[in-house]
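Heads up: the structure comes next, in structure tokens.
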Amino acid sequence: MKKVLLIVLSFCCCTLMHAQQTDSLTCGYPHRFTFQQAIAPSALIATGATIMALPPLHASIDVPLHDWSQRDGHSRMEVEDFIQFTPGGAVLLLKACGLQSRHGWRDMCNLGAGSCLIGATLGFGLKYGLGVERPYGGVYNSFPSGHTLTAFLGAELLRREYGEEYPVVAIAGYTVATGVGMMRMYNNRHWASDVLAGAGIGILSASIMYWLSPYLRF
């Protein structure tokens, strides 16, 4: 139980710290790459990949977390099939409601579309390239979690567009995304390592697009 709580707490703290970090986006060159911005997603991806790749870690972390999440034999409630899109959808909804975002409609849509393209390329490439078996068996596209990737990509877009003026919006986006990751484990669809890597790839995909945007004239 202590190990379970430690993993979950570390996961939540890491993602929320990243959501709240100040990254100097208002200074002359607003989307400049900094190593600080890469720490959280890189740590999540590295942690998930290491747990997945090393059988002793998989047996001591993934398996106990899976068994704990399935201990009461609950029925599946896969609401995350829809909730995964909430953070990304909120980017457009808040803009439509009049909240001040960092970019106008055109640039925001371009950044969002580019981020999704990067995330889909990385996510599907790893899913079908690595062929990791899902917890329920028989399907080999578990790593990383696509639902979690989508949710965290949207949360990072939300943070970058609204987080400086409305920090609570960024925190809410990351809270929803974390819930999606937990639901993927609760519904026996993914290992903890899949969720950690999916979160990191989602954050990194959006970040890469913003880092590239000065060269793409956004």
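Within region 120-143, is there a residue that is among the aliphatic types (A, V, I, L, M) and under 12 Å from the mean Cα position of the chain (by Cα)?
No.
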Whether any residue in region 48-65 is of a type in the set (Gly, Ala, Ser), modelled with pLDDT of 80 or more and open to solvent by less than 30 Å² (accessible area, probe 1.4 Å) is what I want to check.
yes
Here's a check for you: in region 111-128, which residue that is of a type outside the set (A, V, I, L, M) and open to solvent by 60 Å² or more (accessible area, probe 1.4 Å) is nearest to Met209 (Cα to Cα)?
Cys116
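Could you tell me whether Ala90 is free of Cβ contacts under 8 Å to residues at least 24 places away in the same chain, open to solvent by less than 60 Å² (accessible area, probe 1.4 Å), closer than 25 Å to Leu204 by Cα and assigned to a helix (DSSP H, G or I)? First the steps, then the outcome.
Numbers: free of Cβ contacts under 8 Å to residues at least 24 places away in the same chain: no; open to solvent by less than 60 Å² (accessible area, probe 1.4 Å): yes; closer than 25 Å to Leu204 by Cα: yes; assigned to a helix (DSSP H, G or I): yes.
For Ala90, the condition - free of Cβ contacts under 8 Å to residues at least 24 places away in the same chain, open to solvent by less than 60 Å² (accessible area, probe 1.4 Å), closer than 25 Å to Leu204 by Cα and assigned to a helix (DSSP H, G or I) - is not met.
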Across region 195-217, the tally of residues that are more than 11 Å from the chain's Cα centre (by Cα) and over 20 Å from Ala90 (Cβ atoms) stands at 8
Are any of the residues in region 135-152 over 22 Å from Ser69 (Cβ atoms) and either touching a Gly at 6+ places or on another chain (Cβ under 9 Å) or open to solvent by 10 Å² or more (accessible area, probe 1.4 Å) (or both)?
no
Does region 66-87 hold any residues that are open to solvent by 40 Å² or more (accessible area, probe 1.4 Å), polar (S, T, N, Q) and within 30 Å of Cys116 (Cβ to Cβ), and which are they?
Thr86
Which of the residues that make up region 63-87 are touching a residue at least 24 places away in the same chain (Cβ under 8 Å), part of a helix (DSSP H, G or I) and over 18 Å from Asp194 (Cβ atoms)?
Thr86, Pro87
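The values are calculated or read from the model by the stated rules, or taken from the named source; none is laboratory data. Predicted model, so just to flag it, every value in this text is computed and none were measured. Cβ atoms come from the backbone with ideal geometry, glycine included; neighbour counts cover every protein chain shown. Ligands, DNA and RNA are excluded from the accessible area calculation, which covers all protein heavy atoms including side chains. Shrake-Rupley method; radii C 1.70, N 1.55, O 1.52, S 1.80 Å.
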